[in-house]
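Chemist: This is the structure I have questions about; it appears just below.
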Amino acid sequence: MLYLRLFWTFFKIGLFTIGGGYAMIPLINAEVIANGWLTQEALLDFIAVSESTPGAFAINIATFVGAETGGFFGAVCATLGVVAPSLIIIFIIAKFFNKLTEKQLVKDAFSGLRPAVAALITYAFITLTVQVVFNTSSLSDWAAYKNPDRAAIGIFAVLFVISLIKIPFKGKKVKIHPILLILLSAGVGMLVYGVIL
């Protein structure tokens, strides 16, 4: 029964998420917490790991949550669930996609979806920021806002500035590669939270 629930939950998430991994976070958060599969803190850790490991975010997070909840078969069911809607939709509309996109109704639908995707990504950003900085899972927990994690704010600010810096490389100025930023973030996190604090 657990495997079917994992498959169906991630099938729904995959089916109704438009806009990629970040837009998926609010749905994952709602479903996983409602089912009692993970705590808010554990889910936040899984999100961080899913973003840091190679591969698509949706597949990574589904696999991690499935493995934590139901072991190997849980991981398989959750991963298949999140991938299945995309595969089905692609097979169905692949032949007709070019003709469909020329229709005004489809163009209007995509125009309406863009702001919704932007809103979901913004919501995910705000929620994750509040959880990390104020160590709370609730946006309405005003008491938590009195004790922000100053180390997290400092790490974010420094790494954000570093991400904007352009360095000379082979005669051009280029931004620091995202992989280096991820490794730097992991190193700083281990140093600050594992050694200093």
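The numbers here are math on the coordinates, done by the rules we state, and not lab data. For clarity, every value in this text was computed on a predicted model and none was experimentally measured. FYI the Cβ positions are ideal-geometry reconstructions off the backbone, even for glycines, and counts take in every protein chain you see.
Chemist: Quick one, could you list the DSSP H helices from the chain stretching 30 Å or more along their long axis (Cα atoms) with average Kyte-Doolittle hydropathy of -0.5 or above?
Modeler: Helices meeting the span and hydropathy rule in the chain are 57-93, 104-134.
Chemist: Still on this structure, I have one more. Return the inverse of the average 1/r over all pairs of distinct C-alpha atoms in the range 2-137, which is the Kirkwood hydrodynamic radius, in Å to one decimal.
Modeler: Value: 15.8 Å, from the Cα pair sum.
Chemist: If you don't mind, there's one more thing I want to ask. Kindly provide the helix-only [θ] at 222 nm of the chain, computed as the sum of -39,500 (n - 2.57) over DSSP H runs of four or more divided by all residues, to the nearest 500 deg cm²/dmol?
Modeler: So the calculated ellipticity at 222 nm is -24500 deg cm²/dmol.
Chemist: Say each of Phe110 and Leu15 gets a label point 7 Å from the Cα, pointing the same way as Cα to Cβ; how far apart are those two points in nm?
Modeler: 2.4 nm
Chemist: Have a look at Ile13, Ile33, Ile162 and tell me which one the Gaussian network model of the chain (Cα, springs below 10 Å) gives the largest fluctuation.
Modeler: Top of the fluctuation ranking is Ile162.
Chemist: When the chain is modelled as a GNM with alpha-carbon springs shorter than 10 Å, which of Gly70, Gly81, Gly154 fluctuates the most?
Modeler: Among Gly70, Gly81, Gly154, the largest GNM mean-square fluctuation belongs to Gly154.
Chemist: Taking square-rooted eigenvalues a ≥ b ≥ c of the alpha carbon gyration tensor, is the range 85-137 rounded, prolate or oblate, where a/c under 1.5 means rounded and, failing that, a/b exceeding b/c means prolate?
Modeler: oblate
Chemist: How many nm separate the modelled label positions at Ile93 and Ile162, each set 7 Å beyond the Cα in the direction of the Cβ?
Modeler: Going by the 7 Å Cα→Cβ label model, 4.0 nm.
Chemist: State the extension gain, in nm to one decimal, for the chain segment bounded by Glu102 and Leu180, taking 0.36 nm per residue of separation less the distance between their alpha-carbons.
Modeler: So the extension gain works out to 24.0 nm.
Chemist: Turning to a different aspect of this structure: For labels at Ile196 and Glu41 in the simple 7 Å Cα→Cβ model, what's the distance in nm?
Modeler: 2.1 nm
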